[in-house]
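Let me begin by presenting the structure, written as structure tokens, before commenting on it.
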There are 2 protein chains.
Amino acid sequence: MSRTWKVAAAQLGPVHLDTPREETLNRLIELLRSAALQGATLVVFPELAFTTFFARHLFDNPTCLNAFFEHDTNISEASSTKRLFEEAQRLCVDICVGYAEQTPEGRAFNSAIYYSAQLDQVVAKYRKVHIPGTREPHPDLAVINHLEKRYFEPGDLGFEAFRAPRSRQNADGEDDVIMGMLICNDRRWPEAWRCYGLQGVELILCGYNTPAYNPYFWGMSKLMSPEMARSTAVTQHKLVMQANSYMNSCFSIAAGKAGLEDGRYELIAGSCIVGPEGQILAEAVTADDEVVCAEIDLDECRPGKENIFNFAQHRRVEAYQRVVDQVGVTQAGPGNMKG
Amino acid sequence: MSRTWKVAAAQLGPVHLDTPREETLNRLIELLRSAALQGATLVVFPELAFTTFFARHLFDNPTCLNAFFEHDTNISEASSTKRLFEEAQRLCVDICVGYAEQTPEGRAFNSAIYYSAQLDQVVAKYRKVHIPGTREPHPDLAVINHLEKRYFEPGDLGFEAFRAPRSRQNADGEDDVIMGMLICNDRRWPEAWRCYGLQGVELILCGYNTPAYNPYFWGMSKLMSPEMARSTAVTQHKLVMQANSYMNSCFSIAAGKAGLEDGRYELIAGSCIVGPEGQILAEAVTADDEVVCAEIDLDECRPGKENIFNFAQHRRVEAYQRVVDQVGVTQAGPGNMKG
């Protein structure tokens, strides 16, 4: 039985503070249709796909802020978003999409869900664990803020891989694909990938909004030119997608925003599909709305999982305890041969 | 105070089963002198630097096997190796070098030590944790074996970072560099890097012997051509060095063996020095004895450690428990929205 799957990343060009929701939703649906026309039956959309990346702004007015969040528990049935899911159902295409989630209790998460067209339901939800940036705005008004820690709490659902059938290919469910979701900054944390790898993950889905120039956020040298900063950010994005896919013998799909949002804040684009040997299979060539497609063969995860990255044979967890015992850095001693 | 340091990877061309020990030692010393002439005061040598990569062969005769091991507890004073350390002392250059270690109790490890010229002592020892390959030879005699699991037990010293002064630059020890050692396959395991990252590591030293073509070992498709396999192996080597240096905001030095060992087993070369933004600063251009030098500024680790990879601010250890609780894979469930 073939385990090939035609999948897509739907890169989204800029969405502005005043862009009407309907307009953005229409663009997402257009991307979905375009991917389906190319034969894709899974489409991954960016983080916070329905709005601008609002966390770069400070909102004093809670009503303004609330407009960027989804308040319905089930976004596949909410009036503001359900058209996307209805179209996915009509086209028989699975989707993974990111959104700002506000729970009935008023908690706020940076979330993503996976909708299975074959099962006609949302089968998994993920809440971003690694929230970057700061809570407080920078005192220097010239600095571009990244206030995710102000607007979102760290995800409380962990890294739970899930199974879903490939739409239109596998009615009996015997050949489900094992998938996991990450959001943006999560992709830079190897612990997140490893938690999925330890569940046999075959495909990681990751939406992102990555600023092309933000020395304060990145900790880059302030002397770096915007051009150099953008190039470095794109390289580092691909580097972590490729290396972590390789080290966990899985495919991955990264779908980002692109272009100048809110008129002046550039996002890196660079949406791509990566294979389990760390190779880039397809990548975006524009900084705007664009579908990136590839046919992947999930059985290509097996050689890595069965040999060089056969965890049961090679991992030495007795040496890894620091990874969970320590949050921050403890300083190294003078060496194990002294004294 | 400047924290720049001129460092070097000493790539070593092939060493054969019948190459006399003295000849190999002379080549290591020549590389050391060449690096010192270029101003380097730290030189990293490959894994198992004094011999061929003997683990590709099956030895029935223990005497033959023993000839590849160092039996002295202190290799900086052992008759077979001390000339390298004496020269390092004379040139005032630190060295990191890999060797096959047999303990007085008869235990065997794939080890590396760090010798500080300024302190005139070995300040740290590391024993390779991730031993790849198999214990038993492959029944198909045409297959290239990788019998590390037969000849070495997993290292029992963990990932303990250590501090050492930069030779000739810092007599008072107030500005020690925080370093950690890895050996070959360890560099593909992000847990290893993270354990060092959690000790504030600034520089990772990694010797390796990586086969350019070994489909059975790598789990690569047997249909892959030798040329494609070599290119993939080099790319994956650099990928893990670059991504893990970036994700831990540290420099790294990778020193490998190169060329056709024992007349027919190709090693990948590709020795390199990598910066904390994941960039390659210098890399080998030959598949033979070659010094790769770069001046690094250790303060360039700071922006990453203080911002995007500020562990204390951003790590969420409550979500990482699987990393230590599970050795191998447990299969994923159907998703967290079902049932």
Margin query: If I filter the range A:326-335 for residues that are among the hydrophobic types (A, V, I, L, M, F, W, C) and in contact (Cβ under 8 Å) with a residue 12 or more places away in the chain, do I get at least one hit?
Written below: no
Check: Given the conditions (1) more than 12 Å from chain A (Cβ to nearest Cβ); (2) in contact with a strand residue (DSSP E or B) (Cβ under 8 Å, 6 or more places away or on another chain), which single one is not true for B:M337?
Finding: (1)
Check: Restricting the search to the range B:75-100, which residues are within 25 Å of B:F159 (Cβ to Cβ) and open to solvent by 10 Å² or more (accessible area, probe 1.4 Å)?
Finding: B:S76
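Residues checked against (1) more than 11 Å from A:V291 (Cβ to Cβ); (2) open to solvent by less than 10 Å² (accessible area, probe 1.4 Å):
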residue: A:R3; (1), (2): yes, no
residue: A:A9; (1), (2): no, yes
residue: A:L12; (1), (2): no, yes
residue: A:R27; (1), (2): yes, no
residue: A:S34; (1), (2): no, no
residue: A:T41; (1), (2): yes, yes
residue: A:V44; (1), (2): no, yes
residue: A:L48; (1), (2): yes, yes
Note to self: On the basis of being under 13 Å from A:E202 (Cα atoms) and at pLDDT below 95, does A:P334 make the cut?
What the structure shows: no
Margin query: Can you list residue pairs whose Cβ atoms sit under 6 Å apart, with the first residue in the range A:148-163 being more than 7 Å from chain B (Cβ to nearest Cβ) and of a type in the set (D, E) and the second being in a loop (DSSP other than H, G, I, E, B) and crowded, with 17+ Cβ neighbours inside 10 Å? Count only pairs 6 or more apart in sequence or on different chains.
Written below: A:E148/A:I131; A:E148/A:P132; A:E148/A:G133
Notebook entry, point to check: Which one is surrounded by the most Cβ atoms within 10 Å (Cβ to Cβ) among residues in the range A:113-169 that are within 20 Å of A:I204 (Cβ to Cβ) and touching a His at 6+ places or on another chain (Cβ under 9 Å)?
Noted result: A:I131
Next item on the list: Identify, from the list A:V317, A:V323, the residue that is over 16 Å from the mean Cα position of the chain (by Cα), among the β-branched types (V, I, T) and crowded, with 21+ Cβ neighbours inside 10 Å.
Entry: A:V323
Check: Across the range A:33-60, what is the total count of residues that are among the charged types (D, E, K, R) and in contact with a strand residue (DSSP E or B) (Cβ under 8 Å, 6 or more places away or on another chain)?
Finding: 2
Margin query: Return the residues of the range A:93-128 that are part of a loop (DSSP other than H, G, I, E, B) and over 23 Å from A:K149 (Cβ atoms); say none if nothing qualifies.
Written below: A:V93, A:A117, A:Q118, A:L119, A:D120
Notebook entry, point to check: Has the range A:238-259 got any residue that is of a type outside the set (K, R) and more than 19 Å from the chain's Cα centre (by Cα)?
Noted result: no
Notebook entry, point to check: If you check A:L298, A:L281, which single one turns out to be out of contact with any Phe, Trp or Tyr (no Cβ under 6 Å at 6 or more places or on another chain) and either under 30 Å from B:M179 (Cα atoms) or open to solvent by less than 60 Å² (accessible area, probe 1.4 Å) (or both)?
Noted result: A:L298
Margin query: Which numbered condition in (1) farther than 20 Å from A:I280 by Cβ; (2) at the interface with another protein chain (Cβ under 7 Å from one of its Cβ atoms); (3) open to solvent by 30 Å² or more (accessible area, probe 1.4 Å) is the only one that A:P303 fails?
Written below: (1)
Next item on the list: For the range A:230-248, enumerate the residues that are at pLDDT 95 or above, more than 10 Å from chain B (Cβ to nearest Cβ) and open to solvent by 10 Å² or more (accessible area, probe 1.4 Å).
Entry: A:V234
Notebook entry, point to check: B:E174 is checked against (1) out of contact with any Cys (no Cβ under 7 Å at 6 or more places or on another chain); (2) modelled with pLDDT of 95 or more and fails just one. What number does that condition carry?
Noted result: (2)
Item checked: Exclusive hit being at pLDDT 95 or above and more than 8 Å from every other protein chain (Cβ to nearest Cβ), set A:V317, A:V285 -> A:V285
Margin query: Filter the range B:212-229 down to the residues that are at pLDDT 80 or above and open to solvent by less than 20 Å² (accessible area, probe 1.4 Å) and list them by number.
Written below: B:A212, B:A229
Notebook entry, point to check: Can A:G275 be described as modelled with pLDDT under 95 and open to solvent by less than 60 Å² (accessible area, probe 1.4 Å)?
Noted result: no
Check: When you go through (1) in contact (Cβ under 8 Å) with a residue 24 or more places away in the chain; (2) surrounded by fewer than 18 Cβ atoms within 10 Å (Cβ to Cβ) one by one for B:N310, which number turns out not to apply?
Finding: (1)
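The values are calculated or read from the model by the stated rules, or taken from the named source; none is laboratory data. These numbers were taken from a predicted model, which means no experiment stands behind them. Don't worry about glycine lacking a Cβ; one is built from the backbone with ideal geometry, like all the others, and counts go over all protein chains shown. Note: accessible area is taken over every heavy atom of the protein model, side chains too, but ligands, DNA and RNA are not part of it. Shrake-Rupley method; radii C 1.70, N 1.55, O 1.52, S 1.80 Å.
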